[in-house]
Amino acid sequence: MTVSLETRKFSIIEQLVGIQDETIILQIENLVQDHPTDWWDDLTEEQQVSIRKGVQQLDEGKSIEYQEFISKFKTEK
């Protein structure tokens, strides 16, 4: 037996009514909007600056291998 599309939609609506997590609501809004927002726009200014700095460092050749990073991180803890 196949559940009808209308039944599935009503089930989703019932679940939405119970959601209290703002993050989930925002994600659903972005999903159903005609023009979803870019995830970049949801980042804080501090996060954007940090990412830009990391990209700049990569462009300048300031990078290390993953294993080197992990071993460095483990020894610093």
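Read-outs throughout are calculated quantities, based only on the coordinates presented, and are distinct from any laboratory measurement. Treat the numbers as computed from the prediction; the structure is a model and nothing was measured. Reconstructed Cβ throughout: ideal geometry from the backbone, glycine too, with neighbour counts over all protein chains shown.
Taking the numbered list (1) over 26 Å from the mean Cα position of the chain (by Cα); (2) surrounded by fewer than 10 Cβ atoms within 10 Å (Cβ to Cβ) in turn, Glu14 passes all entries but (1).
How many residues are more than 12 Å from the chain's Cα centre (by Cα) and in a helix (DSSP H, G or I) when one looks only at the stretch 37-55?
Of the residues in the stretch 37-55, 11 are more than 12 Å from the chain's Cα centre (by Cα) and in a helix (DSSP H, G or I).
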